[in-house]
1. Only residues of the range 84-128 count here: report those whose backbone N is under 15 Å from the spot 7 Å along Cα→Cβ of residue 2, or say none.
2. Relative contact order for the chain using alpha-carbon pairs under 8 Å, separation at least 6, rounded to a whole percent?
3. By how many nm would the segment from residue 49 to residue 27 grow when fully extended, if each residue of separation counts as 0.36 nm and the alpha-carbon distance is taken off?
4. Does the chain classify as rounded, prolate or oblate by the C-alpha gyration tensor (a ≥ b ≥ c root eigenvalues; a/c under 1.5 gives rounded; else a/b over b/c gives prolate, otherwise oblate)?
5. Once every DSSP H run of n ≥ 4 in the chain is given -39500 (n - 2.57) and the sum is divided by its residues, what mean residue ellipticity at 222 nm do you get, rounded to the nearest 500 deg cm²/dmol?
6. Please give the Cα centre distance for the range 79-138 versus the range 1-19, rounded to the nearest Å.
7. For a footprinting-style exposure proxy, rank 75, 137 by other Cβ within 10 Å, fewest first.
8. With a ≥ b ≥ c taken as the square roots of the eigenvalues of the C-alpha gyration tensor of the range 53-98, please select rounded if a/c is under 1.5 and otherwise prolate if a/b is larger than b/c or oblate if it is not?
Ligand SMILES: Nc1ncnc2c1ncn2[C@@H]1O[C@H](COP(=O)(O)OP(=O)(O)OP(=O)(O)O)[C@@H](O)[C@H]1O
Ligand SMILES: [Mg+2]
């Protein structure tokens, strides 16, 4: 069951409302897949805003993980191999209750997480002119 949205910056609430229905209060890993500057970090920002959470969402590229209020975790695994990622203990992190957003979470990570029984949501983001297309795969 896939769902797709084409949204500009100022109507991302359609996407966040859908995400809230789908994942809020669950334990799950959300793999954010999209080119450089497609809008992965923005999506996490908007998700927190939609929950009225006021933490500042920044790109975790250089620190690997940000933790926000509301049991929301945010990772960026750009430029890291899966082996490095795992040796840093991040599978253990994923076991913590809450929502885990992973920028650049690819198919290899997807398969690994499935094999460990994690609940997964995949969001593919494509750049359009003034918008983005978000396709969500459960
Ligand atoms: N739905 C949207 N419509 C139009 N522009 C958007 C949308 N979402 C994000 N953007 C814009 O795209 C740019 C990149 O956003 P963002 O930093 O979230 O991308 P990213 O995928 O996290 O980038 P990186 O690959 O560097 O981590 C920003 O200028 C942001 O405002
Ligand atoms: Mg980013």
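1. Output list for this probe position: 107, 121-127.
2. 39
3. Result for the pair: 6.0 nm of gain on full extension.
4. Here the chain falls in the rounded category.
5. Dividing the helical sum by the residues of the chain leaves -8500 deg cm²/dmol.
6. 18
7. 137, 75
8. oblate
Any read-out appearing in this document is the output of simple, stated calculations on the displayed coordinates, not a laboratory observation. Remember, predicted model here, so these are calculated numbers, not experimental data. FYI the Cβ positions are ideal-geometry reconstructions off the backbone, even for glycines, and counts take in every protein chain you see.
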